[in-house]
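What follows is a single structure, written as structure tokens, with notes after it.
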Amino acid sequence: MAEVKVKVQPPDADPVEIENRIIELCHQFPHGITDQVIQNEMPHIEAQQRAVAINRLLSMGQLDLLRSNTGLLYRIKDSQNAGKMKGSDNQEKLVYQIIEDAGNKGIWSRDIRYKSNLPLTEINKILKNLESKKLIKAVKSVAASKKKVYMLYNLQPDRSVTGGAWYSDQDFESEFVEVLNQQCFKFLQSKAETARESKQNPMIQRNSSFASSHEVWKYICELGISKVELSMEDIETILNTLIYDGKVEMTIIAAKEGTVGSVDGHMKLYRAVNPILLPTGLVRAPCGLCPVFDDCHEGGEISPSNCIYMTEWLEF
């Protein structure tokens, strides 16, 4: 007599338990989980039951649906963002999530299109809608003045986007940088002069001529010549240009933890120096650094005879 095999169906799991388990997995993996992760954690649950539970969580606004290179991702929804995106469709939520993940460096519309797989016309419509709700904003990047990056409305753009203190409306503030350059050098020169006038032994004079980047930063802040808030990193950038020009030298010393101006137990000190050899006249000629050198010729719109930089150099 032939043996009859009867397939025993596992009892249906409680839908609420499946949903709770998926939520627990999302908390364990805050960056998101794939359907494969859910399947590995709940192998006894049928695919249809998993799909019903996931769709219910998405409809209740407890999960975010994301796209990645490996497929779909499910991530626990931030309670604050859930209120902001109330009434938005899944495509709008997806674009918002992609922009949020980009942080304060922002993201191009082209990259949003790549990550969302949505048509460009639909993305532009969604971006305008999110901007009108003041959920996101468009920021011009110094890397490409004709392009804009998108980020959350309440974020402060990264320095790599705005260019920091040296840029204003995507234009490099060369005059502002030059003024800072002169004032930093002037401060270090006065420090060196005070040390020489002390008439102490050469070693003490040399050590007294050094100033920390914090001292220079404090001096610049007290002058009030900057309309934007400058950081010590900004001042160190200016001091580095003086080092490259041969006007300043830097040394690093050990410092006690908590000392003003120290970083990781070290402190940078700067002092003004006199160049050992003056550069030759040919090196100082403006032609060597002229950005329109190739267009300069006698009789042309740009020529040596009407060059203001050449005139200033000859008068000097």
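Any read-out appearing in this document is the output of simple, stated calculations on the displayed coordinates, not a laboratory observation. Being a predicted model, the structure only gives us computed values, none of them experimental. For neighbour counting, all protein chains shown are included, and Cβ atoms are generated from backbone atoms with ideal geometry for every residue, glycine included.
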If the only charges are +1 at each Lys and Arg Cβ and -1 at each Asp and Glu Cβ, what is the size of the charge dipole of the range 174-272 around the Cα centre, to the nearest 20 debye? 500
Given the options Val139, Gln97, Asn124, identify the residue whose Cα lies farthest towards the positive end of the charge dipole of the range 82-163 (+1 on Cβ of Lys, Arg; -1 on Cβ of Asp, Glu). Val139
At 7 Å along the Cα-to-beta-carbon direction for both Asp171 and Ser59, put a label point, then send me their distance in nm to one decimal. 5.7
Would you grab the residues whose amide H sits under 5 Å from the one on Leu73? Only those 5+ places off in sequence or on another chain, please, with H modelled 1.01 Å from N. Leu66, Arg67, Ser68
Cα point-scatterer Debye curve for the range 15-77, base-10 log of I(q)/I(0) at q = 0.12, 0.21, 0.23, 0.27 Å⁻¹: -0.24, -0.77, -0.94, -1.32
Which net charge results for the neighbourhood of Gly106, defined as the other residues with beta-carbon distances under 14 angstrom from its beta-carbon, given Lys and Arg at +1 and Asp and Glu at -1? +3
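If you take the Cα atoms of the range 82-163, find Rg, then find the Kirkwood Rh from the mean of 1/r over all pairs, what is Rg/Rh?
When Rh is taken as the Kirkwood radius, the ratio is 0.95.
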How big is the range 174-272 by Rg and Dmax over its Cα atoms, in Å? 13.6, 41
Name the residues whose placed amide hydrogens come within less than 5 Å of the amide hydrogen of Ser141, ignoring near sequence neighbours (fewer than 5 apart) on the same chain. Lys147, Val149
On full extension of the chain, what length is gained from Lys146 through Leu72, given 0.36 nm per residue of separation minus the C-alpha to C-alpha distance? 23.4 nm
